[in-house]
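Since the structure comes first, as structure tokens, the remarks are kept for the end.
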Amino acid sequence: MRVRNKYRKSTAFPCNVGSRCSISIVVWSLVGFLLMLQIYSLISHRNTVSGDIKLRMSRHPLVRELEQVEEENIQIPPPRGKRSPRAAKRRPKRTTTLVDEFLDENSQIRHVFFPDMKTAIDPLKDAGNDSFYYYPGRIWLDTEGNPIQAHGGGMIYDERSSTYYWYGEYKDGPTYHAHKKGAARVDIIGVGCYSSKDLWTWKNEGIVLAAEESNETHDLHKSNVLERPKVIYNENTGKYVMWMHIDDANYTKAAVGIAVSDYPTGPFDYLGSQRPHGYESRDMTVFKDDDGVAYLIYSSEDNSELHIGPLTKDYLDVKPDIRRILVGQHREAPALFKYRGTYYMITSGCTGWAPNEALAHAADSIMGPWETMGNPCIGGNKMFRLATFFSQSTFVIPLPGIPGSYIFMADRWNPADLSDSRYVWLPLIVGGPADRPFEFNFGFPLWPRVSIYWHRKWRLPSSWRVTK
């Protein structure tokens, strides 16, 4: 009996051990599988990153020159008299910062952020060694000698005419506040359009979508809001389709508007507005993929998250599919582009007309999940980088010739005079290792970093320029 009882006890103990071992084997097998999957992903992406680095090293000297950062050393002047009410309201009890100086129209260093007309970029006068130079923050004149009015804009390249078209908000009107607590605004004038063969000399093609002057119930009535117009071409219908943010003066409508035209220079016929997928929509953009499928990306839920969804085949509506991304991160001003099968996006924080820190994001699928890669800004100084060089993203232009090279388009808003808001165009390069771990990939960065380089003065290398 003793032997039998001892035998029973001894068989029970190995059984429990076996069960525990089986669970451990399953768990560790799963961990090993995930680890091998991650290693495979890293190896598959390593060649891409390595190729990017080799490509960057073999580029022309002018390209490497663009990657040499420029530093800024701007001293905040001592107080002199009263600050403007706008600046005092923003920081009544704190030490003055560069952002405060930027927002103060009475600042002694106002000229640093908003140079006067004497320094304007004038393609008709600049010649020789000064040709094709961009000066971020300076007034930029069109071929008629007037400041370009294409704020919050976007760009298309029309292959049929070998021409770039730049669309944006035409804000050449007085800045005012609709009510005491309202944001600075300009009445709707319309969407301006400019054409260029070289991305530097811009011809004014006029207002291609005009405001409604008399009908107060119309979306485009001058008392409402029209922001961030973007145009894409539909090969199936032969139409140029414009999407834009439509709102009322209090920003409670939160919708998108759609317009169409047979020509890139308009006129565009306004079709109406909607809340896509039934959600609020404020800052937005559209992105046309390599396969011709277009997507709408918009800030929603009080700007706390972004939504992405495909458009219908004619680009005139959204399909039911939707993905919520960057939930709870409060991002706006999305600007998307694609490089070697990876989708990238630049966004800004939500601080009204005041500048804030840009973030770069990446995804293997446009519908997500999206990873946050960190601040892409390089150069200037710490405050320049934290304020996106005192600008806000609006679009990214792919450049011909060298893969991984783009122009970052941004607006330097002037809330004291929105018509005098400026443009900040800077080189954007995709390449090199990312500088922070990611959330959805076990801490291993899978994509090369996105870098936006600060320059007071720069131009495209000759191999990038579009032939006139």
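Could you say which residue among G309, G374 is at pLDDT below 95 and over 24 Å from N250 (Cβ atoms)?
None of the others qualify; the one that does is G374.
In the stretch 377-434, how many residues are touching a helix residue (DSSP H, G or I) at 6+ places or on another chain (Cβ under 9 Å) and within 26 Å of T96 (Cβ to Cβ)?
Qualifying residue count, the stretch 377-434: 14.
Does any residue of the stretch 366-375 turn out to be without any contact (Cβ under 8 Å) to a residue 40 or more places away in the chain and under 15 Å from the mean Cα position of the chain (by Cα)?
yes
Which count do you get for residues in the stretch 386-422 that are over 28 Å from Y170 (Cα atoms) and either among the charged types (D, E, K, R) or in a strand (DSSP E or B) (or both)?
Of the residues in the stretch 386-422, 1 are over 28 Å from Y170 (Cα atoms) and either among the charged types (D, E, K, R) or in a strand (DSSP E or B) (or both).
Of these, S214, S195, which one is assigned to a loop (DSSP other than H, G, I, E, B) and either exposed (fewer than 15 other Cβ atoms within 10 Å of the Cβ) or modelled with pLDDT of 95 or more (or both)?
S214
Just a yes or no: is a residue in the stretch 247-262 touching a Pro at 6+ places or on another chain (Cβ under 7 Å), without any contact (Cβ under 8 Å) to a residue 60 or more places away in the chain and within 30 Å of W140 (Cα to Cα)?
Checked against the condition, which is being touching a Pro at 6+ places or on another chain (Cβ under 7 Å), without any contact (Cβ under 8 Å) to a residue 60 or more places away in the chain and within 30 Å of W140 (Cα to Cα), the stretch 247-262 yields at least one hit.
Being free of Cβ contacts under 8 Å to residues at least 12 places away in the same chain and not in a loop (DSSP other than H, G, I, E, B) is the filter; apply it to the stretch 97-153 and report the residue that is surrounded by the most Cβ atoms within 10 Å (Cβ to Cβ).
The qualifying residue surrounded by the most Cβ atoms within 10 Å (Cβ to Cβ) is R110.
Being among the small types (G, A, S) and at negative phi is the filter here; which residues of the stretch 195-253 pass it?
Result: S195, S196, A210, A211, S214, S223, A249.
Is it true that some residue in the stretch 402-414 is polar (S, T, N, Q), out of contact with any Cys (no Cβ under 8 Å at 6 or more places or on another chain), within 17 Å of E67 (Cβ to Cβ) and modelled with pLDDT of 95 or more?
No, there is no match, as no residue in the stretch 402-414 is polar (S, T, N, Q), out of contact with any Cys (no Cβ under 8 Å at 6 or more places or on another chain), within 17 Å of E67 (Cβ to Cβ) and modelled with pLDDT of 95 or more.
Among the residues of the stretch 380-405, how many are open to solvent by 10 Å² or more (accessible area, probe 1.4 Å), of a type in the set (A, V, I, L, M) and more than 16 Å from C350 (Cα to Cα)?
Summing the residues that are open to solvent by 10 Å² or more (accessible area, probe 1.4 Å), of a type in the set (A, V, I, L, M) and more than 16 Å from C350 (Cα to Cα) in the stretch 380-405 gives 3.
For the stretch 283-342, give me each residue that is assigned to a strand (DSSP E or B), farther than 23 Å from V260 by Cα and basic (K, R).
Selection gives R323, R324, K338.
Going by the conditions given, is R449 crowded, with 19+ Cβ neighbours inside 10 Å, of a type in the set (D, E, K, R) and either touching a helix residue (DSSP H, G or I) at 6+ places or on another chain (Cβ under 6 Å) or at pLDDT below 95 (or both)?
When the stated conditions are applied, R449 passes them.
Can you tell me which residue among T201, T265 is open to solvent by 20 Å² or more (accessible area, probe 1.4 Å), touching a Cys at 6+ places or on another chain (Cβ under 8 Å) and assigned to a loop (DSSP other than H, G, I, E, B)?
Of T201, T265, the one residue that is open to solvent by 20 Å² or more (accessible area, probe 1.4 Å), touching a Cys at 6+ places or on another chain (Cβ under 8 Å) and assigned to a loop (DSSP other than H, G, I, E, B) is T265.
The values are calculated or read from the model by the stated rules, or taken from the named source; none is laboratory data. Everything numeric in this text was worked out from a predicted model, so none of it was measured. All Cβ positions, even for glycine, are placed from backbone atoms using ideal geometry, and neighbour counts span all protein chains on display. Accessible surface areas use protein heavy atoms only, side chains included; no ligands, DNA or RNA. Shrake-Rupley method; radii C 1.70, N 1.55, O 1.52, S 1.80 Å.
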